[in-house]
Structures are given as structure tokens and as C-alpha cells.
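Trainee: Please find one structure pasted underneath; my questions will follow.
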Amino acid sequence: MSVALNTAPFLTALLSNVAPGMHASIEARLAKHLPNLYQTLQALYGDQFSDEQAYATWLAELLQVTGEAIAARPLPLQALDTARSTDKNWFTKENMLGYCCYVDRFASDLRGVRQRIPHLQELGVTYLHLLPFLKARAGENDGGFAVADFDAIEPRLGNMADLEELSSALRAAGISLCSDFILNHVADDHPWAIAAKQGDPHYRDYFYHYPDRTAPDNFEKNLGQVFPQVAPGNFSFVPELQEWVWTTFYPYQWDLNYSNPKVFADMAAALLRLANRGVEAFRLDSTAFLWKRAGTKCMNQPEAHQILQALRSLVDIAAPGVLLKAEAIVETAELPAYLGSNDGTNSKQECHLAYHSSLMAASWVALTEQDTSLMRHVFAGTPALPEQSSWLTYVRCHDDIGWNVLRPEASIETEDVQQRLARVSRFYSGDGSYARGASFQADDPAAVHGTVGMAAALTGFSSAHTATEKHLARQRLLLLYGLSFCFGGMPLIYMGDELAQANDETYLQVPAQAADNRWLHRPVWDRELYAKRHSSLHDAGAVFNALAHMLQQRRQLPQLAAQEARHLLNAKDPAVLAFLRGSTDAPLLFLGNFSENSINLNMAELLENYDISDSNWMNQLDKSEMKTTVTLQAYTQLWLVRK
Ligand code: GLC
């Protein structure tokens, strides 16, 4: 933009459908976000228009559609937008807690989820991520990640009215509903794909399609594979088209062509329509893959970030109470960019939240190696959060634990990274260990891809026979969750972990699931375990009570808000992870022992660089007091505050 931007035509387009009473506030939002939006979309798409005027006309049309979404936004959601505009850090506080589940597995359908709100409240959940519930492809659909219609609910889960009722009921209970928004691809039976197959040139260009293998083979030289066993390669031959279509994931998931501005406009409009149904947060699926560039891995490209930044600007204009969360399972160094960038002269907001997948994977490595070195590198590689953003911290999710994101950290102390990660992977598939998971997409035990299994199976519950073994399994599970509660972000509980729920082998009998062993850790909600949640004699109760207690303590510790500082300490013993949160004069000190040995720590030595080294400390978790020496039993964590 060489000259000052004339906002008038954009304002006219945006306000054309909006009630006069809202004009002033919407105008203020546009004034704030238009410069970035204009610039970002111009960088992405400007060269596709005959001149700048033609580009501006397209942008005005996009803003007109955005204005329609504003006009249709229900009043309670507008009120939420206003409230959150004055409390922009609402989602970074120490009380935030996520919960993630499949609708059908948790509660049969959307109405059933409503019935489970008391369970969520008992844990203190403030954010509920329901895995895909939009109308999915008929037949195999990757657990709903192949969407056939962004404006319809999967019929067996309910309808739009159910979604609206659920989102209001959750809101009334202080819980924000998070929905997946599968940005990268649509199902091969989505109307756009069907039109493309029927030869409609408009919709053919919603996808990447190639007449022969020349371009695909060229791209493949640098591309990775998400499902190397069950869906090798990144392109699928589509007989109806007689062409090769880009399919990063399964052949029935067609990657969208974001170099086409119409794709961006249609997807943005679909997201805003869904926001008006009461969805307060969007998990933007597979964000790393949104832009393709020959000669690269086609991940984390600058344009993928621009797409997200433009989406953020539109959301900030139309629905500023809504959060965007990036799912980018990428190396630590690539993660911060998903939370926005600041090059000194220009700050670009992107997603409000991003999964810290390296921290998650590294915490599992620490358990295996009984050594926190690799995790400490992940800590060191995690910069302070930009304003108004937060990590999403977690222990397990519906996907595998991918080990390859840790290659940079794993190579720091080891020459043979492959061997190191393969050892971790074998450990979790039960090779001489307490874990009872399985390898994901790798038959070869020397290959490394991912690990599947419920947290309880991976931490040793499923192999435990004695009381001691059970105790250790519980300590390990709580240690990983404790870290996710204290690191600095919004922690997420994966359904079933709060009850130490085990693996579910029944997927092997379901033809549409049998080839994808991620279903091993997607069990159906277990009512019997739930009934035992208060009984400490039972594993479910012992874990539930402990987690609920930790969460209750967490809510009382403002040092644990995501934006509070974090200082990694050197505990001398590599099995111990030690860090401070909050101000250094009134911090929370997290100590975690990732080994099976009991370890003594000298507090003065640990805190030698801080003025608080001679303090008296209290463990917030059990109110016990300590001073000079602290003993950490196997897999124990302490949350220490100064007395
Ligand atoms: C994301 C989802 C995963 C899915 C993939 C393709 O990574 O988490 O479950 O298979 O996207 O949509």
C-alpha cells in the first residue's frame, strides 16, 4: 500500500446489511483491522487481479459477506464479542481448562453432550472441544475429518438446532464450545468436489489437479507422508477427472487450493456462519499444509501464515469474541509463528491458541528416558507468548504422539536421532516396558512415526498388577498432566484420561476403522468408571480425585496464567524438571521427578540465582512445608509457593 488506504468503499460494503445501531462499533473494528487485511490478502492474491482496483472490488465483496455475517449474529453472541473486547486475556487465565472428546463416544449425540455438562463442571472445564461433528463423507471419513457440508450437522449426531441449544447451554455453564474447522481439505463428496468431478472448471480450480505425474513426482521429492502405510503418497488419481488430485491425508480428503481467492472467501464465510451458531473457538485443522511450494515440504509456508492472519482479521471484525486455535504438528521452532509475528515494525496477529505438540511429545520422552534433557531443550526453544495468546498444553489427544517433530531437540545430545526416537517408540509399544500402546503407521520397529494408546495404557495402568505398579502408573499420569497444568497455557483433558480409561481394541472389528489404529485411543465413555470417580480405592477414582484437586489448586494460582513468565532452572539431576512461574519474588516453583528413583534437591543450590533461595516453601498440592532439602519420590511433582 503506497498511499493511505481509502476505507470508505470497504466500510460501505461491510455496513450495507448491518443495523445502524452497530455502525459505530463495526466501523471502529474495520478501521483497526483493514490495513492488515488489505495488505495480507493483496500479498496473497493481488497478482491475480487485473489491477489494484479489481483487487479492491473483490475485497469489498468479501467484506459485504462479512457484513452479512455480522447482521445475522445473534444478540447473545454480540454481547460476548463486546465483553471479550474489553477482557482480551479472558482465555489465558489460570481457570481455563479444556476437555476434548468425540460427540458420539462421549454422549451419543449433541443432546447427550448437554446431559454431561455437570461432569464437565465438576472438573472445572471452561472450554469444550468436540471433535468433528459437521456432516461427514459417507463411509470412511477419518473420524469426521472429511467434511461433506460445512452448514450441516452429521445426521446421527443431531441438527443445527441441537448445536445452537448445546452452545447456549454450555455458555450458560461458563463453557466455550470449540469446533474443528477443517481448513485444509474437504471430502470427495463435498459439493465442490462433486462439481469438480462433473467437469465444472470453477470448482476444479478449488483443488490442485494435475493431468499426469510430472508435477506430483516433482513435489513428492520433498514431501513427507502423514499416513505412509494406509495412504502412501500425497496425490490420488481421480478417474472421473482423469487427473491427479492433491490429497495430503487420505485419498478421499482433497486439499483445497488456497492460491484461488474464491476458496479463501468461501471458507472464511463458512467459518463465520458457524461462529453464528454459537461456536466460540475453532480448531483450525492441519494449518501447516495450507500452501504448496515446489522444492519445499509444503509445510509452514509464509502464505499459510498469511491465510491465517487474514482469517484472524475477518474474525476480529465480525466476531471478536471468537478464538482461533492452530493445529500445526511441527517442530518447536515453527510453532510460535502460528501465534503471530512481530518484525519490529509490524505486528501480525494470527491464532489465539496453538497446540504445543513438542512439549507434549517431549514429556513422554522424558518418562521413557527418565531424563528431562530433551524436554528442557523444548522449554528453551519456546519463546515468551505474544500478547493475548496462549499455548494449548496437553498429554494426549485423538491423534498419535508424533515423534518426528522432536528431531531437532533429539539430535542435540545424540548422533543417532533415528535410533533414539525409535527406542522411545518401541518403549511405548510395550517392548520391555510398562507401556501398552502401539506404533502408528510403522511396521518396522526401527522406523519412527508415532505412538497410539490412551494415557493410562502408556503410563502403565494396563500392565500394573501390584499396588506399587499402580501407584507408579498413577504418578506418571499425574506428572504429565501436572506439567500441562503448570507450563503456561490452556490445558486440555482428553476424554477418559480423567478416569484412567484404557485402550479400546474394538475398532479392529469395525471395517471403516480397522486400518487406522488411532481408534485404539478413542474409546466410548465408560459409565462404570465414571460411577467410581470418587472412590480412591479404584484407579478411576484415584486419578479423578487427584486431577480434580490439582485443578482446584491451579485456579487459585495466578502465577499459572498463560501469560505469566516462566524460568527454567537447572536441577543438576537430569531426571528433575524445575521451573518458576510468575514473578520471581512470589513464584510458583514446579518440581517434577521423571524417574523411578527418589531424588534429594538442595533448594539453595537450585535457586542460587534468585533472591528467594532461603525461603520456606509449601507444597500447594498437600500443604506440606519444606525448607533446605526437598525429597522427590518416584514420578512425584511438587507445586511450591513461598510461605
Ligand atoms: C488433523 C487431525 C487428524 C486428521 C488430519 C486430517 O491432523 O487431528 O485426526 O486425520 O488432520 O484431517
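The values are calculated or read from the model by the stated rules, or taken from the named source; none is laboratory data. Because the structure is predicted, anything quoted here is derived from the model rather than measured. All Cβ positions, glycine included, derive from the backbone under ideal geometry; neighbour counts span all protein chains shown. These area figures cover heavy atoms from the full protein model, side chains too; ligands, DNA and RNA do not enter into them. Shrake-Rupley method; radii C 1.70, N 1.55, O 1.52, S 1.80 Å.
Trainee: So which of LYS623/LYS643; LYS221/LYS292; LYS32/LYS262; LYS88/LYS325; LYS197/LYS262 end up more than 21 Å apart, counting from Cα to Cα?
Mentor: Those over the limit are LYS32/LYS262.
Trainee: Please list the equivalent ellipsoid semi-axes of segment 467-590, computed as the square roots of five times the alpha-carbon gyration tensor eigenvalues, in descending order and whole angstrom.
Mentor: 32, 17, 15
Trainee: For segment 219-281, state the average projected area of the convex hull of the C-alpha atoms over all orientations, rounded to one decimal in nm².
Mentor: 6.4
Trainee: Moving on to the next point. Rounding to the nearest 20 debye, state how big the charge dipole of segment 1-140 is about its Cα centre with +1 on each Lys and Arg Cβ and -1 on each Asp and Glu Cβ.
Mentor: That gives a dipole near 580 debye.
Trainee: For a label point 7 Å from the Cα of GLN388 along Cα→C-beta, name the residues of segment 296-331 whose backbone N is under 15 Å from it.
Mentor: Inside the label zone: 309-325.
Trainee: So, one more: Want the number for ILE612 to SER25: 0.36 nm per residue separation, take away the alpha-carbon distance, what's left?
Mentor: Full-extension gain reported as 206.5 nm.
Trainee: Roughly speaking, what is the stretch gain from ARG293 to GLU528, that is 0.36 nm per residue apart minus the C-alpha to C-alpha distance, in nm to one decimal?
Mentor: Full-extension gain reported as 79.5 nm.
Trainee: A further question follows. Could you state the angle between the C-alpha long axis of helix 417-428 and the longest principal axis of the C-alpha atoms of the chain, as a value from 0 to 90 degrees rounded to the nearest 10?
Mentor: Compared with the principal axis, the helix lies near 70 degrees.
Trainee: Let me ask you something else. Please state the charge dipole magnitude for the chain, taken about the Cα centre, from unit charges on C-beta atoms (+1 on K and R, -1 on D and E), reported in debye and rounded to the nearest 20.
Mentor: Computed charge dipole of the chain: roughly 1460 debye.
Trainee: Counting DSSP beta bridges in the chain, what percent are antiparallel, to the nearest 5?
Mentor: 60
Trainee: Report, to the nearest whole %, how much of the accessible area of the chain belongs to carbon and sulfur atoms, 1.4 Å probe, protein only.
Mentor: 50
Trainee: Mean 1/r over all different Cα pairs, inverted: what Kirkwood radius does segment 184-325 give, in Å?
Mentor: With all distinct Cα pairs of segment 184-325 included, I get 15.9 Å.
Trainee: Right, next: Work out how much length GLN370 to MET626 would gain on full extension: take 0.36 nm times their residue separation and subtract the Cα-Cα distance, in nm to one decimal.
Mentor: 89.7 nm
Trainee: Same structure, new question: Once the principal axes of the Cα atoms of segment 26-96 are found, what is the range along each, listed largest first in whole angstroms?
Mentor: 50, 27, 19
Trainee: Okay, next question. Report the one residue of ASN260, SER363, LEU272 whose Cα lies farthest in the direction of the positive end of the charge dipole of the chain (charges on C-beta: Lys and Arg +1, Asp and Glu -1; origin at the Cα centre).
Mentor: The residue sitting farthest along the positive end of the dipole is SER363.
Trainee: Next up: Where does helix 357-369 land angle-wise versus the long Cα axis of the chain, in degrees 0 to 90, nearest 10?
Mentor: That helix lies at roughly 30 degrees to the long axis.
Trainee: Let me know the charge dipole size of segment 91-200 about its Cα centre in debye, to the nearest 20, where only the beta-carbon of Lys, Arg (+1) and Asp, Glu (-1) is charged.
Mentor: It comes to approximately 340 debye.
Trainee: Rolling a 1.4 Å sphere over the protein heavy atoms, what is the accessible area per residue of the chain, to the nearest Å²?
Mentor: Solvent-accessible surface per residue comes out at 37 Å².
Trainee: If you don't mind, another one. Could you give the nm distance between label points at ALA447 and ARG114, where each point is 7 Å from its Cα heading toward the beta carbon?
Mentor: Placing both labels 7 Å along Cα→Cβ, they lie 4.7 nm apart.
Trainee: With point charges of +1 on the Cβ of Lys and Arg and -1 on the Cβ of Asp and Glu, referenced to the Cα centre of the chain, which listed residue (LEU580, THR214, LEU324) lies farthest in the positive direction of the dipole?
Mentor: Final value for the positive-end residue is LEU580.
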